[in-house]
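Each remark here refers to the structure printed beneath this line.
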Amino acid sequence: MTVKGFFKSNVFKCLATLLCVLLISGIFLTIMNALLAVTPEEKFQRAISKIYGKNVATTAVAVADYNSNATIEEAYRVEDGNYLVKSTGKGGYENGTVTCWVVIEFNNGAVCGIGKVVIDSNKNQSYIDRVTDKALNQFGELYNSEINEKGFTENMITNATVKGTKTAICNAVNGALDFVNNSFGKVRALGERFLEEIQKAYGENVISVYGTDDKGVEKLITKEDETVTGFKVEAQHGNATVNEYYKVKYTVDESEILHYLITSTGNGGYQDGTVTCRVAIAITNGKPTTIYNATIIGNVGQSYINDIKHMGNYSGKDITGDGFAFEPSGDFLSSGATKSSTAIANAVNGAITYVKTLTFEAPETNPDGDGGDNGEGGNS
């Protein structure tokens, strides 16, 4: 076939048509890609909208890493005064990572909470979809001054059955906390944060809290203390391990009130998990008499711990009877959280059992009839 004949052939016509189609398609795809491409700014605004439900004004801030288990990708100060941090946590399944947007609540020059945690992306996390919004909401629900100091661990986050993935998410959140604390927060001593946490249960009462120094000698805990240590126990009492205790003292109507603030971990939770509580027990006339309050400060594997609503029922309960024990029933049962309620009851019962083993000094008798002190002293 001659060259002239080739250009007149059907083969050439087909090739020419195909090339035209390809050319037109390429031009069309280029135009559409330009029209539909999502810019980094648009991606950021989409992330903002997902977190806040609307566009908000932000100012970018310089990033730095203060946690070896996380990398801070981006960070912004939001118009409401909080910080929005994009943090990638390491230690996931098969050495993978999870990148999260974390809203760090900030007030009066200090971190005061976690507003939101949203997963942005991940690497090698096959079951990332098992991490529900309910699980992510726990970061805000569980946040306290102690966690701000020590960080989250994967066993704190329930409603998700993916240990490695939860570890990476916790590392991302911890990295965000460390970044904001170190970059913008006041450096507050652990003593100040600890006392602030304990004070919440005592309202306007001016309390003094006693722990120990590094030699185990009793000392008044102050806001300036860089470390806080209680009286160590680490003993099994019933179905609980009593870890440590503090003494809380305050004055009402010129009478000194003494509480033993006991940290106790109850067994018997869901899937053999545990719940750790702080139980404040009033010491009156040299004897433990009532529960002032009980609060949950930690758990292992309790998926429905946030459904517990009955902790206030312990307050004011008399503990003077022999064989006293709370049962996870009636007022002390949270619907849907029977096992967690059992572990809580065990923690409270363990604290009561322990405090009954202590010997307290009897109050001095006032010869003028003005009354004595409400529970001086105690074992340390």
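Being under 20 Å from L136 (Cα atoms) and of a type in the set (A, V, I, L, M): is that true of I48 here? So that I can check it myself, show each step before the final result.
Working: under 20 Å from L136 (Cα atoms): yes; of a type in the set (A, V, I, L, M): yes.
In short, yes.
How many residues does the range 201-220 hold that are touching a strand residue (DSSP E or B) at 6+ places or on another chain (Cβ under 9 Å) and either outside any helix (DSSP H, G or I) or open to solvent by 60 Å² or more (accessible area, probe 1.4 Å) (or both)? I'd like the intermediate steps shown before the answer.
The initial filter retains those residues of the range 201-220 that are touching a strand residue (DSSP E or B) at 6+ places or on another chain (Cβ under 9 Å), namely 201-202, 205-213, 216, 218-220.
Filter again for either outside any helix (DSSP H, G or I) or open to solvent by 60 Å² or more (accessible area, probe 1.4 Å) (or both), leaving 205-213, 216, 218-220.
The total comes to 13.
Applying the selection to the range 268-281, what residues are open to solvent by 10 Å² or more (accessible area, probe 1.4 Å) and either part of a strand (DSSP E or B) or touching a helix residue (DSSP H, G or I) at 6+ places or on another chain (Cβ under 6 Å) (or both)? Reasoning before the result, please.
So in the range 268-281, the residues open to solvent by 10 Å² or more (accessible area, probe 1.4 Å) come out as 268, 270-272, 274, 276, 278.
The answer is G268, Y270, T274, T276, R278.
With (1) buried (at least 22 other Cβ atoms within 10 Å of the Cβ); (2) in contact with a Ser or Thr (Cβ under 6 Å, 6 or more places away or on another chain) as the list, and S264 as the residue in question, which single condition is left unmet?
It is condition (2) that S264 fails.
Tally the residues that are open to solvent by 50 Å² or more (accessible area, probe 1.4 Å) and among the hydroxyl-bearing types (S, T, Y), restricting the search to the range 142-188. Walk me through how you get there before you give the answer.
The first filter runs over the range 142-188 and keeps only residues open to solvent by 50 Å² or more (accessible area, probe 1.4 Å), leaving 146, 149-150, 153, 155, 161, 163, 182, 184, 186-188.
From what is left, the residues that are among the hydroxyl-bearing types (S, T, Y) are 153, 161.
Here the count works out to 2.
Looking at (1) part of a helix (DSSP H, G or I); (2) free of Cβ contacts under 8 Å to residues at least 24 places away in the same chain, which one does E146 not meet, given that it meets all the others?
The failed condition is (2).
Can you tell me how many residues in the range 316-358 are open to solvent by 50 Å² or more (accessible area, probe 1.4 Å), of a type in the set (S, T, Y), modelled with pLDDT of 85 or more and touching a strand residue (DSSP E or B) at 6+ places or on another chain (Cβ under 7 Å)?
Looking only at that region, the number is 1.
Quick check on my filter: what residues within the range 199-220 are in contact with a Leu (Cβ under 9 Å, 6 or more places away or on another chain) and either among the aromatic types (F, W, Y) or more than 15 Å from K249 (Cβ to Cβ) (or both)?
The one that is in contact with a Leu (Cβ under 9 Å, 6 or more places away or on another chain) and either among the aromatic types (F, W, Y) or more than 15 Å from K249 (Cβ to Cβ) (or both): Y210.
Under 8 Å between Cβ atoms, which residue pairs at least 6 apart in sequence (or on different chains) link something in the range 157-170 that is within 20 Å of V103 (Cβ to Cβ) and of a type in the set (K, R) with a partner that is at pLDDT 85 or above and part of a helix (DSSP H, G or I)?
Partner pairs satisfying both residue conditions: K166/A135; K166/E154.
How do the pairs read when you match residues in the range 107-133 that are over 18 Å from N95 (Cα atoms) with residues anywhere that are in a helix (DSSP H, G or I) and among the small types (G, A, S), using Cβ under 6 Å and keeping only pairs 6 or more apart or on different chains?
Taking only residues 6 or more apart or on different chains, the pairs are I114/G140.
The values are calculated or read from the model by the stated rules, or taken from the named source; none is laboratory data. All figures in this text were calculated on a predicted structure; none of them were measured in a lab. Here Cβ is always computed from backbone atoms with ideal geometry, including for glycine, and neighbour counts include all displayed protein chains. Calculation scope for accessible area: heavy atoms of the full protein, side chains included, ligands and nucleic acids excluded. Shrake-Rupley method; radii C 1.70, N 1.55, O 1.52, S 1.80 Å.
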